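Enquirer: Quick one: structure below, then a few questions.
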Amino acid sequence: MANKKINIKTHSADETRKLGQKIGTLTNQPLIIALSGDLGSGKTAFVQGLAMGLEVPDDYYITSPTFTLINEYPGRLRLMHVDLYRLDGIADLEDLGLDESLYDQAVIAIEWADKLSDRLPASHLAVSMEIIDDNCRTLSLDATGHHEVNLLLALMDALAE
């Protein structure tokens, strides 16, 4: 299976949002984005930008669905924002019905995706965020699958402009 990995530094939450927006703008079919990183690393800011790029209407405020677990938003492509922070184990995942959602026709952004371990489909975009300091983050984007690799290549072209 095709694979591509790149690292990008952002120097503010706004830059992290803009990166998410660029990915959302370039996305033209269902996609799973597995987000990981410590609290405060920028996962929700990334999804806020992703929503802008997917043309989610401005009257929807994107917050982390820590207590609701899944928020859905209309857009050019439907966005499902999942937060697994509060989940304890596999039984919770099964109760949530996330397995079925992973094959839905939507862009699915999953915060704390490391809790899914081997349940993610083979084709997905993993975004790992590392805090460097108060403002700086390193985002490692690891694409697995033909569409996901093409998305990263398009992102690299867009960032080079």
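Enquirer: Identify, from the list Leu159, Leu116, Leu153, the residue that is surrounded by fewer than 20 Cβ atoms within 10 Å (Cβ to Cβ) and modelled with pLDDT under 95.
Expert: Being surrounded by fewer than 20 Cβ atoms within 10 Å (Cβ to Cβ) and modelled with pLDDT under 95 holds for just one of Leu159, Leu116, Leu153, which is Leu159.
Enquirer: Scanning region 19-41 for residues that are within 22 Å of Thr144 (Cα to Cα) and among the polar types (S, T, N, Q), which turns out surrounded by the most Cβ atoms within 10 Å (Cβ to Cβ)?
Expert: Thr27
Enquirer: If only one of Thr16, Thr44, Thr63, Thr10 is surrounded by fewer than 19 Cβ atoms within 10 Å (Cβ to Cβ) and either of a type in the set (Val, Ile, Thr) or free of Cβ contacts under 8 Å to residues at least 40 places away in the same chain (or both), which one is it?
Expert: That would be Thr63, the only listed residue that is surrounded by fewer than 19 Cβ atoms within 10 Å (Cβ to Cβ) and either of a type in the set (Val, Ile, Thr) or free of Cβ contacts under 8 Å to residues at least 40 places away in the same chain (or both).
Enquirer: OK, next. Does region 131-161 hold any residues that are of a type in the set (Gly, Ala, Ser) and touching a residue at least 60 places away in the same chain (Cβ under 8 Å), and which are they?
Expert: Ser140, Ala143, Gly145, Ala154, Ala158
Enquirer: Among the residues of region 25-54, what is the count of those that are more than 28 Å from Asp133 (Cβ to Cβ) and in contact with a strand residue (DSSP E or B) (Cβ under 7 Å, 6 or more places away or on another chain)?
Expert: 5
The values are calculated or read from the model by the stated rules, or taken from the named source; none is laboratory data. The structure displayed is predicted, hence computed values, not measured ones. Positions of Cβ are generated from backbone atoms using ideal geometry, with glycine treated the same way; all protein chains shown enter the neighbour counts.
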